[in-house]
1. Would you check if Ala127 is of a type in the set (A, V, I, L, M, F, W, C), open to solvent by 20 Å² or more (accessible area, probe 1.4 Å), in contact with a strand residue (DSSP E or B) (Cβ under 7 Å, 6 or more places away or on another chain) and within 23 Å of Ala64 (Cα to Cα)?
2. When residues of the stretch 75-109 are filtered for being assigned to a loop (DSSP other than H, G, I, E, B) and open to solvent by less than 10 Å² (accessible area, probe 1.4 Å), how many remain?
3. Which residue out of Leu329, Leu296 is open to solvent by less than 30 Å² (accessible area, probe 1.4 Å), closer than 19 Å to Ala228 by Cα and modelled with pLDDT of 95 or more?
4. Would you check which residues across the stretch 178-217 are over 22 Å from the mean Cα position of the chain (by Cα), of a type in the set (Asp, Glu) and within 19 Å of Ala39 (Cβ to Cβ) and list them?
5. So is Ala279 more than 23 Å from the chain's Cα centre (by Cα) and either open to solvent by 70 Å² or more (accessible area, probe 1.4 Å) or farther than 30 Å from Asp77 by Cα (or both) or not?
6. Looking for something open to solvent by 70 Å² or more (accessible area, probe 1.4 Å), free of Cβ contacts under 8 Å to residues at least 60 places away in the same chain and not basic (Lys, Arg) - is there at least one such residue anywhere in the stretch 61-72?
7. Out of Leu232, Leu245, report the one residue that is under 25 Å from Thr363 (Cα atoms), modelled with pLDDT of 95 or more, touching a Cys at 6+ places or on another chain (Cβ under 8 Å) and open to solvent by less than 20 Å² (accessible area, probe 1.4 Å).
Amino acid sequence: MTDEQLLQGPIHPVHVELGATFAPFGGWQMPVSYAGVVAEHTSVRENVGLFDVSHLGKAVVRGAGAAEFVNSALTNDLNKIGPGKAQYTLCCNESGGVIDDLIAYYVSDDEIFLVPNAANTADVVAALVAVAPDGITVEDQHRAYGVLAVQGPKSVAVLTALGLPTEIEYMAYEDAEWNGVPVRVCRSGYTGEVGYELLPRWEDSEPLFRALLEAVRAEGGQAAGLGARDTLRTEMGYPLHGHELSLEISPLEARCGWAIGWKKPTFWGKETLTDEKAAGPARKLWGIKALDRGVLRAGLGVLRDGEAIGETTSGTFSPSLKVGIALALLDSGANVAAGDEIEVDVRGRALRCVVVSPPFVETNTK
């Protein structure tokens with residue numbers, strides 16, 4: 001896909017103005033970095049950072065019994081939450097593969113707002129449309145809303161400066177106003193830090209981003225791009241679809257069994273996943289931390305005593321730990337445990353590493 005074919009978010013000109021470097025991601029032209037990945041990562045961990053993630057999908061399911069319908073399809077149990085709450089969940093196929101992982105906003109019993117990953121939005125919408133009963137509509141609203149993420153210890157101060165609500169429970173949201181325009185504010189994020197995700201209308205995203213950036217800079221923070229987003233989420237062990245979750249990688253293999261409502265009467269893939277749970281997954285996601293100097297990336301072989309036991313799914317340099325880290329699917333039959341020494345094949349060199357139970361650093365979301 002050429003740059004001309006890539007989609008652009010509602011504030012692309014601002015990223016150009018800020019001197020961002022760009023890369024394609026999920027069919028969109030995304031800002032990777034402004035001041036450097038390490039600086040932006042550190043800003044989020046120590047102060048605050050501002051992300052434009054408007055490439056994320058948006059869809060709304062409406063009609064009498066919309067919540068009940070969505071609950072019969074997606075894995076997590078919407079009955080555990082209610083209006084004003086949000087929930088991490090998975091859209092699986094009948095063989096237990098993951099079409100996408102997403103956030104469901106419970107607006108009312110008759111309206112559920114979904115935020116899938118950019119590249120999978122159409123697939124999620126199509127899967128729901130295919131089985132939606134009469135009276136239930138599923139509308140793709142991908143370019144109706146922006147998504148701006150304010151993440152880090154000083155995120156509360158940033159929202160307060162703009163008069164936006166901050167006294168919100170983790171994974172809850174409020175529909176608010178900023179300068180007379182609507183914006184949904186959710187206490188959520190993908191960094192492991194205290195933070196908020198804001199959903200303004202597409203056309204309101206640029207002025208809100210500019211105001212947020214001014215407040216972020218006043219707190220010693222800065223804009224952050226896709227590069228820092230990836231290093232931050234990898235340190236937390238958060239899965240990324242296409243890496244730790246996919247049609248070939250089940251929720252149980254990716255340690256996402258907690259996002260499955262096992263007691264629900266139905267959800268897509270329930271029979272297969274229930275059988276997998278009983279037997280135990282063939283692979284399991286682990287963290288890997290380098291003991292020697294070396295760069296860890298996705299797709300590297302993991303060995304113990306020369307025997308192949310798995311493969312890395314993501315890898316990066318951890319700005320917090322200042323070592324190479326990776327996530328890897330390791331064979332359950334290998335009986336690995338946290339603290340075990342293993343090797344990663346980096347271009348023919350066996351890099352000494354240790355197995356870690358994610359996250360690599362402390363979680364501060366709450």
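1. On the way: of a type in the set (A, V, I, L, M, F, W, C): yes; open to solvent by 20 Å² or more (accessible area, probe 1.4 Å): yes; in contact with a strand residue (DSSP E or B) (Cβ under 7 Å, 6 or more places away or on another chain): yes; within 23 Å of Ala64 (Cα to Cα): yes.
So Ala127 fits the description; yes.
2. Pass one, the stretch 75-109, residues assigned to a loop (DSSP other than H, G, I, E, B): 75-77, 81-84, 93-97, 109.
From what's left, open to solvent by less than 10 Å² (accessible area, probe 1.4 Å): 75, 96-97.
Result for the stretch 75-109: 3.
3. Going through Leu329, Leu296 in turn, the sole match is Leu296.
4. Passing the criteria: only Glu214.
5. yes
6. Checking the stretch 61-72: at least one residue is open to solvent by 70 Å² or more (accessible area, probe 1.4 Å), free of Cβ contacts under 8 Å to residues at least 60 places away in the same chain and not basic (Lys, Arg).
7. Numbers: Leu232 fails: touching a Cys at 6+ places or on another chain (Cβ under 8 Å).
None of the others qualify; the one that does is Leu245.
For every residue, the table says whether it meets (1) more than 23 Å from His55 (Cβ to Cβ); (2) touching a residue at least 24 places away in the same chain (Cβ under 8 Å); (3) part of a strand (DSSP E or B).
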site: Thr231; (1), (2), (3): no, yes, no
site: Pro239; (1), (2), (3): no, yes, no
site: Ala254; (1), (2), (3): no, yes, no
site: Trp258; (1), (2), (3): yes, no, no
site: Gly261; (1), (2), (3): yes, yes, no
site: Thr274; (1), (2), (3): yes, no, no
site: Leu285; (1), (2), (3): yes, yes, yes
site: Asp292; (1), (2), (3): yes, yes, no
site: Gly299; (1), (2), (3): yes, no, no
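The values are calculated or read from the model by the stated rules, or taken from the named source; none is laboratory data. Just so it is clear, the model here is predicted, and its values are computed rather than measured. Glycine gets a Cβ as well: all are built from the backbone with ideal geometry, and neighbour counts include every protein chain shown. Surface areas here come from the heavy atoms of the whole protein model, side chains and all, with no ligands, DNA or RNA. Shrake-Rupley method; radii C 1.70, N 1.55, O 1.52, S 1.80 Å.
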